[in-house]
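> Please find one structure pasted underneath; my questions will follow.
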Amino acid sequence: MIKFILKGLIYDRQRSWFPIIVIALGVMLTTLLYCYMQGVSSDMVDINAKIDTGHVKIMTHEYAKIASQVPNDLAIWDLSKFLNKIKKEYPIDWVARIKFGGLLDIPDDKRETKAQSTVFGMAFDLLSKNTTEIDRLKLKLAIVRGRLPQNPGEIVISEKLANSLQIKLGEAATLISSTSTGNMAVHNFLIVGTTHFGISNLDRNIIIADISDIQYALDMEDAASELLGFLPTGFNKAKALKIKSNFNSPQMTMLTLADQNGLGEYLDLIGIKLSIIISVFVLAMSIVLWNTGLMSGIRRYGEIGLRLAIGESKEELYLSMILEAILVGIIGSLIGTVLGLLAAYYLQEVGIDTSELLKGSKMLMSTTIRAKITTTSYFIGFVPGILSMLFGTMIAGVGIFKRETASLFYELDV
Amino acid sequence: MQDTLINIHNLSKHYSIGGGQFSALKNVDLKINAGDFMGLVGPSGSGKTTLLNVIGALDSPSEGSVEVLKLKIENISAKQAAKLRKEKLGFIFQTYNLLPVYNVYENIEFPLLLLQLSSTQRKDLVMQALEWVGLLDKVKSKPAQLSGGECQRVAIARAMVKKPQVVLADEPTANLDARNSHNILQTMEKLNQLLGTTFIFATHDAKVIGYLKRKVTLIDGRVEEDITLPPRGPQC
Ligand SMILES: Nc1ncnc2c1ncn2[C@@H]1O[C@H](COP(=O)(O)OP(=O)(O)OP(=O)(O)O)[C@@H](O)[C@H]1O
Ligand SMILES: [Mg+2]
């Protein structure tokens, strides 16, 4: 019987093509959309985590209240002791960071200001032997010209900043900022490289320095503004929350990634959006396929009548229609999933550069559209594709039960 | 001695139309024996198709009893009726009703799929049926490529392939010219003799009547006349 149905599907293109195209298209779009949203959200989460939020983050209570002003006088002191303690309690990857603002001054030969710009600075551990920060931030990939700092007193700045200040590599620059005690800090650095991350916030007026240099320059010996913790397997809300609920300190605040930058709401929203999109898709497909089913019911009126007359029961006929629908559904969904995954794979591996479109965006967002294929990607479109064909046919096929066998001779005799 | 395959006793069939009732069949008594080659004849509206419908378990009697192959049609469920049609009855229609997307072989094979026979069994039976109707050279053709006469021969093969005990044929020659009509009638006559299959026709075609062994005339839903016809002489 399956062979008979398959033959029918192959011989009669109208029976198979239209539903297959509809399903394949819908499934492809759903799969691609899903992968895209996964890509965007995991990209977004990942970038935010690495640059700013960590999977969990520790600050002092006071610092946390006004963190956006980078109040380094409220930093974590006695850093090494605290870090040892926290590493023992929570054996995940902990790193210390300092954020700072200031003025970067480029002197000419006569030591007079040639160019100047306000800058935002980030201090990472760049120089210690087994630092994880260079890999985490993909700093080597971000280098456009020159190299990363390898010695104390060296910094890299964004390519954009370098261009606007017309700096050549190897030039000296003076950072003017304020120390943790509120005094003026003036420190000379050597610019050894320029960076471009493809993330708009990191490609503005950014300077990147080693944390020991900045601790020295800003009078922050054995201090850091933030401690970032990274889970070994990537962000997981439940795990992060568990660490947070165990953490208890009179001076320190711990936040998870979801507590910062609106990322928690963002992740929830993605989930909601996704379920809405998929429901709408299933509904729309079902309606289209129901109509297709009705049309084919009309077109195959004679066949259905004949099959009833020569002894197929209504239940058997209904089942065989459903079997046909499942076959069509599987074929369509398979094609759609493969196409969707191929497109997603392209986006995952190559991506689409949108940096022009995203100029001026404040979110920490990658300027490359990327998709991410997860296990869910394989059935997120596939299952609804089959289901909508099934629903559509099930509703359309109810007509079979309304057929009066008593009138078959009349219907089949005309 | 002859087996009674179909025993109709005091059958009436009423349809309600508007407020009133219309009787398409009135107190029909009829016994049909194995191997019969009989026709229900009569003017249009006399109840021929209605009677075939009831015998074919497509419709149920309003009154009386109809026993077909030991099953009481008035009592059986839709499922049992479908089973009876599937296993024991063959149908031939005025307009062939072949499945257009399948080829000749597959059209004839279809009833055997419902019977869940193995593919070798199916192949043997289909080839035999094709031989009966003389269409061995058209196995792979689609219905659209066949003439009307060929289509009806495929329909006969489809009805006969499972070797049913009874074949019900409603106006099988109505769409055919004289030559094709005689051709398919001869085919059916041959199968009646070869396999002992009972044929019941509903017709007003004189060509069909010429082949019948028994003629039951219906007028206004009543059996008006029931005669056995003399064996046919050779056609000239
Ligand atoms: N479902 C129905 N509802 C009402 N009346 C019906 C129904 N089916 C058949 N009839 C009536 O029953 C009568 C007998 O119909 P039937 O089809 O059996 O005639 P017939 O002898 O086959 O005629 P024909 O030679 O034209 O095919 C007709 O008057 C028809 O209108
Ligand atoms: Mg009729």
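The values are calculated or read from the model by the stated rules, or taken from the named source; none is laboratory data. Fair warning: this is a prediction, and the values are worked out from it, not measured in the lab. Note that each Cβ is placed from the backbone with ideal geometry, even for glycine, and that neighbours are counted across all protein chains shown. Ligands, DNA and RNA are stripped out before the accessible areas are found, and what is left, the full protein with its side chains, is counted by its heavy atoms. Shrake-Rupley method; radii C 1.70, N 1.55, O 1.52, S 1.80 Å.
> What FRET efficiency do you get for B:Gln145 and A:Lys273 if R0 is 51 Å and r is their Cβ-Cβ distance, rounded to the nearest 0.05?
Numbers: r = 54 Å, r/R0 = 1.06.
Using R0 = 51 Å, I get an efficiency of 0.40.
> For B:Lys142, give me every one of the aspartates and glutamates with a C-alpha distance below 18 angstrom, ignoring sequence neighbours fewer than eight places off in its own chain.
A:Asp12, A:Glu303, B:Glu106, B:Glu109, B:Glu131, B:Glu150
> First measure r as the distance between the Cβ atoms of A:Val398 and B:Thr228, then evaluate 1/(1 + (r/R0)^6) with R0 = 60 Å and state the FRET efficiency to the nearest 0.05. Each step should come with its number before you reach the end.
Values: r = 48 Å, r/R0 = 0.80.
My answer for the efficiency is 0.80.
> Highest mean first, how do A:138-151, A:372-385, A:255-268, A:300-313 rank when packing is the count of other Cβ atoms within 10 Å averaged over residues? The partial results should precede the final answer.
On the way: A:138-151: 15.1, A:372-385: 19.6, A:255-268: 17.4, A:300-313: 21.1.
Result, highest mean Cβ count within 10 Å first: A:300-313, A:372-385, A:255-268, A:138-151.
> Using protein chains only and a probe of 1.4 angstrom, how many square angstrom of B:Val41 are accessible, to the nearest 10?
10 Å²
> Would you please classify the overall shape of region A:183-264 from the alpha carbon gyration tensor, given that a ≥ b ≥ c denote the square roots of the eigenvalues, rounded means a/c under 1.5, and beyond that prolate means a/b larger than b/c while oblate covers the rest? Walk me through the numbers on the way to the answer.
Working: a/c = 2.73, a/b = 1.50, b/c = 1.82.
Here region A:183-264 falls in the oblate category.
> Average partner chain C-beta neighbours within 10 Å, per residue of A:308-320?
Numbers: counts 4, 9, 14, 18, 7, 10, 3, 3, 4, 1, 0, 0, 2.
The mean count of partner-chain Cβ atoms within 10 Å per residue comes to 6.
> Residues of region A:301-345 with backbone nitrogen within less than 16 Å of a virtual label 7 Å along the Cα-to-Cβ line of A:Met295, please, listed as ranges.
What the label zone holds, given the 16 Å backbone N cut-off, is A:301.
> Further, regarding this structure: I'd like the distance between the alpha-carbon centres of region B:177-195 and region B:80-136, rounded to an integer number of Å.
Computed from Cα coordinates, the inter-centre distance equals 18 Å.
> Loop by DSSP (not H, G, I, E, B), at most 11 other beta-carbon atoms within 10 Å: where is the longest site-free stretch of chain B for trypsin sites (Lys or Arg not before Pro)? Intermediate results must be reported in sequence, preceding the final value.
Values: sites that count: B:Lys70, B:Lys140, B:Arg232.
Here the longest run is B:141-231.
> Using the Cα centre of the protein assembly as shown as the reference point, and only Cβ charges (+1 on K/R, -1 on D/E), how large is the resulting charge dipole? Debye, rounded to the nearest 20.
Result for the protein assembly as shown is approximately 1540 debye, rounded to the nearest 20.
> Name the lysines eligible as straight-distance cross-link partners of A:Lys242: C-alpha to C-alpha under 25 Å, and not fewer than 8 places from it in the same chain.
Result set, ordered by chain and number: A:Lys50, A:Lys57, A:Lys65, A:Lys81, A:Lys85, A:Lys87, A:Lys88.
> Based on DSSP H assignment, which helices of chain A show an axial Cα extent of at least 18 Å together with a mean Kyte-Doolittle hydropathy greater than or equal to 1.6?
Working: long enough: A:13-48 (50 Å, 0.74); A:263-299 (53 Å, 1.42); A:314-349 (51 Å, 1.20); A:382-396 (21 Å, 1.87).
Going by DSSP H runs, the hits are A:382-396.
> Another question, then. Between B and A, buried accessible area summed over both sides at probe 1.4 Å, in Å² to the nearest 100?
Working: alone 11470 and 21240 Å², together 30000 Å².
Buried surface at the B/A interface: approximately 2700 Å².
> Under a point spin-label approximation (7 Å from Cα along Cα-to-Cβ), what is the A:Gln116-A:Tyr266 distance to one decimal in nm?
3.5 nm
> Still on this model: Label region A:56-230 by shape, choosing from rounded, prolate and oblate, from the square roots a ≥ b ≥ c of the eigenvalues of the Cα gyration tensor; if a/c is under 1.5 it is rounded, and otherwise prolate applies when a/b is larger than b/c, oblate when it is not.
Working: a/c = 1.97, a/b = 1.46, b/c = 1.35.
The shape class here is prolate.
> Another question, if that's okay. For A:Lys114, list the lysines whose Cα falls under 27 Å from its own Cα; do not include residues on the same chain fewer than 8 positions away.
Here the lysines satisfying the reach criterion relative to A:Lys114 are A:Lys99, A:Lys160, A:Lys168.
> Go through region A:216-222 residue by residue and turn each phi into a ³J(HN,Hα) via Karplus (6.51, -1.76, 1.60, θ = phi - 60°); whole Hz please, and just put x for glycine and proline.
5, 5, 9, 6, 10, 3, 6
> I need the shape label for chain A. Rule: rounded when a/c is under 1.5, else prolate if a/b > b/c, else oblate, with a, b, c from the alpha carbon gyration tensor. Present the calculation step by step, with values, prior to reporting the outcome.
Details: a/c = 4.29, a/b = 2.80, b/c = 1.54.
It comes out prolate by the Cα gyration axes.
> Let me ask you something else. Could you work out the mean count of beta carbons from other protein chains within 10 Å of each residue's beta carbon in A:17-29? Write out the running numbers ahead of the final one.
Details: counts 0, 0, 0, 0, 0, 0, 0, 0, 0, 0, 0, 0, 0.
That average works out to 0.
> Just grab the label-to-label distance for B:His204 and A:Val350, each label 7 Å out from Cα along the Cβ direction, in nm (one decimal).
The two pseudo-label positions are separated by 7.3 nm.
> At a 1.4 Å probe, what is the % contribution of carbon and sulfur to the accessible area of the protein assembly as shown? Mind dumping the intermediate values first?
Values: 17180 of 30000 Å².
Ligands and nucleic acids excluded, carbon and sulfur reach 57 percent.
> Still on this structure, please answer the following. Keeping every protein chain present and rolling a 1.4 Å probe, give me the accessible area per residue for region A:65-210 in Å². Before the final figure, lay out each step's value.
Details: 7400 Å² over 146 residues.
Averaged over the residues of region A:65-210, the accessible area is 51 Å².
> Taking the simple approach of a point 7 Å from Cα along Cα-to-Cβ for both B:Ser44 and A:Ser80, what is their distance in nm?
Between B:Ser44 and A:Ser80, the label points sit 11.1 nm apart.
> If you don't mind, another one. Show the residues, 5+ positions off or on another chain, whose built amide H is closer than 5 Å to the amide H of A:Ile207.
Under 5 Å from the amide H of A:Ile207 lie the amide H atoms of A:Phe120, A:Gly121, A:Met122, each far enough along the sequence or on another chain.
> Tell me, in nm to one decimal, what length is gained between B:Lys163 and B:Ile219 on full extension, where the rule is 0.36 nm per residue of separation less the Cα-Cα distance?
Numbers: separation 56, 0.36 × 56 = 20.16 nm, distance 3.21 nm.
Taking 0.36 nm per residue and subtracting the Cα distance, the gain is 17.0 nm.
> A further question follows. How well do other chains shield peptide B:99-106, expressed as the mean number of their Cβ atoms within 10 Å of each residue Cβ? Numbers along the way, then the final one.
Working: counts 9, 5, 11, 6, 2, 0, 0, 5.
Mean partner-chain Cβ count within 10 Å for B:99-106: 5.
> Run the numbers on chain B and let me know its relative contact order in percent, using alpha-carbon pairs under 8 Å that are six or more apart.
Working: 447 pairs, mean separation 64.1, N = 236.
That works out to 27 percent.
> For chain B, modelled as a GNM with alpha-carbon contacts under 10 angstrom, which of B:Pro143, B:Pro111, B:Pro43 fluctuates the most?
Per the Cα network of chain B with a 10 Å cutoff, B:Pro43 tops the list.
> Additional query: Relative contact order, percent, of region A:56-230 when contacts are C-alpha pairs under 8 Å separated by at least 6 residues? Display every interim value, and only then the final one.
Values: 361 pairs, mean separation 57.8, N = 175.
Contact order relative to length: 33 percent.
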